[in-house]
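Just below is one structure, and these are the notes that go with it.
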Amino acid sequence: MEIKSVLRKWQSEKGEIDNLEELVTEMLKNIGTIDAELRDSLIYSSFYLLIEDNRLSNELMEKVLISCLSKDYLFKGIGEVETDTVFTRSFSSLVIALVVEKDKTKGFLEKQLLEEVFEKTIIYLQSEKDVRGYLEGKGWAHSIAHGADLLETLISHPSFNLLNSEKCLTTITACIWKDSVFQDDEDERLLFAVEALLEKGLSEEILIDWVHHFEKLLDPTVSREENSLTFYKYRSNVMNFLKSLFFRLSYRGESINTQLQIKKSLKNLHTAMYKRV
C-alpha cells in the first residue's frame, strides 16, 4: 500500500475506504515517520477526520488507543534525547487524545482503560527527556506540547477524578523542570491543563501552594548549582510559566489570591537572582 497516495486521495474525495483496518494499521506503523507531510498532514490529520466523522468503529478506536499506549509507541525510546523516536511518542500522544476526546460523547471506553490512559500519560510526561520543538527538515516534535494536550483532554473528560489533581500538578511541574528552555509555546499548552483543573473545581488554596512550590524548588537548586546553565534553564522556564499563568488568570478574572502569590514569587525570584550577580 502506497500510504501517501491513498491518504491524499481520501482526504480530497472523502469517499468510502476499502480495507479501512488495513489502512489504519499502516498509519500506525508510520505514525513517527520523519516525513513531516506524511506524519502531520496525512496520518495525524486523517486520524482526526476518521475519528471526528465517526468512520472508525468503537472497537477499532480502542485498538488504536491500546496500540498507541504501548512500549512501541508512547514509550518507544523513552529517555532518549535528540533521536527520531520522539516523533513516535509525541504523535502517539496526539492520537490517544483524539480517541479520549471522542469518548467524551460516545462513552465506549471502559473505566479501567481510561485509568490506564491517565496513569501512562503521567508516567510518559514525567519521563520524556526530548523536549525539542520544531526540527528543520523533520517538522514538529513538540513532545511536551502534545503531551500537555493529552493531559488537558483527560482532565476535561467526564470520568476525571479531582483527587488526581495533585498528580496532574506534579506532572506539569516535571514538564517545566526540564533541562531546556522552552521557546515554542509549551508553557501556554501546559496552561490549558491548569485551566481544565480549575474548571473541574480545583481549589485556589491548592493552586496557591503549587505556585509557591516553584519558588521553594529553586532554593535548593541555587545552593547546588549556583552558577550552572541548568539552573538558568530551570529558572527561565519557571519564570516564563508563572508570567503566563498570571496573565491567563487575570484575563479570566479569577483566582485573585493566586495572582498575588505569583507576583510575590516572581519578585522573590528576581531579587534572589540579582543578589547573586
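The values are calculated or read from the model by the stated rules, or taken from the named source; none is laboratory data. As the structure is a prediction and not an experimental result, all values here were calculated from the model. Cβ placement follows ideal geometry from the backbone for every residue including glycine, while neighbour counts extend to all protein chains displayed. Ligands, DNA and RNA are excluded from the accessible area calculation, which covers all protein heavy atoms including side chains. Shrake-Rupley method; radii C 1.70, N 1.55, O 1.52, S 1.80 Å.
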Residue check for SER250: polar (S, T, N, Q), without any contact (Cβ under 8 Å) to a residue 24 or more places away in the chain and assigned to a helix (DSSP H, G or I): yes
Search result, residues across the range 240-259 that are open to solvent by 20 Å² or more (accessible area, probe 1.4 Å) and of a type in the set (A, V, I, L, M): ILE256
Test result for TRP210, farther than 25 Å from ASP72 by Cα and either in contact with a Leu (Cβ under 7 Å, 6 or more places away or on another chain) or open to solvent by 70 Å² or more (accessible area, probe 1.4 Å) (or both): yes
Residue check, ASN19 within 20 Å of THR153 (Cβ to Cβ) and either in contact with a Lys or Arg (Cβ under 9 Å, 6 or more places away or on another chain) or without any contact (Cβ under 8 Å) to a residue 24 or more places away in the chain (or both): no
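Test GLU205 against the criterion of being charged (D, E, K, R) and more than 24 Å from ILE123 (Cβ to Cβ), and give yes or no.
yes
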Unmet requirement for TRP210, which otherwise passes all of (1) under 27 Å from ASN164 (Cβ atoms); (2) outside any helix (DSSP H, G or I): (2)
Residue check, TYR48 open to solvent by 60 Å² or more (accessible area, probe 1.4 Å), among the aromatic types (Phe, Trp, Tyr) and in contact (Cβ under 8 Å) with a residue 12 or more places away in the chain: yes
Neighbours by Cβ (under 6 Å, 6+ apart or cross-chain): first from the range 144-169, without any contact (Cβ under 8 Å) to a residue 60 or more places away in the chain; second part of a loop (DSSP other than H, G, I, E, B) and open to solvent by 10 Å² or more (accessible area, probe 1.4 Å): ILE144/VAL131; LEU162/GLY201; SER165/LEU202
Residue among THR88, THR105 that is open to solvent by 30 Å² or more (accessible area, probe 1.4 Å) and assigned to a helix (DSSP H, G or I): THR105
Members of the range 61-84 found to be in a helix (DSSP H, G or I), surrounded by 16 or more Cβ atoms within 10 Å (Cβ to Cβ) and not basic (Lys, Arg), listed by number: MET61, GLU62, VAL64, LEU65, SER67, CYS68
Output for the range 108-134, where each listed residue is aliphatic (A, V, I, L, M) and either in a helix (DSSP H, G or I) or open to solvent by less than 10 Å² (accessible area, probe 1.4 Å) (or both): LEU113, LEU114, VAL117, ILE122, ILE123, LEU125
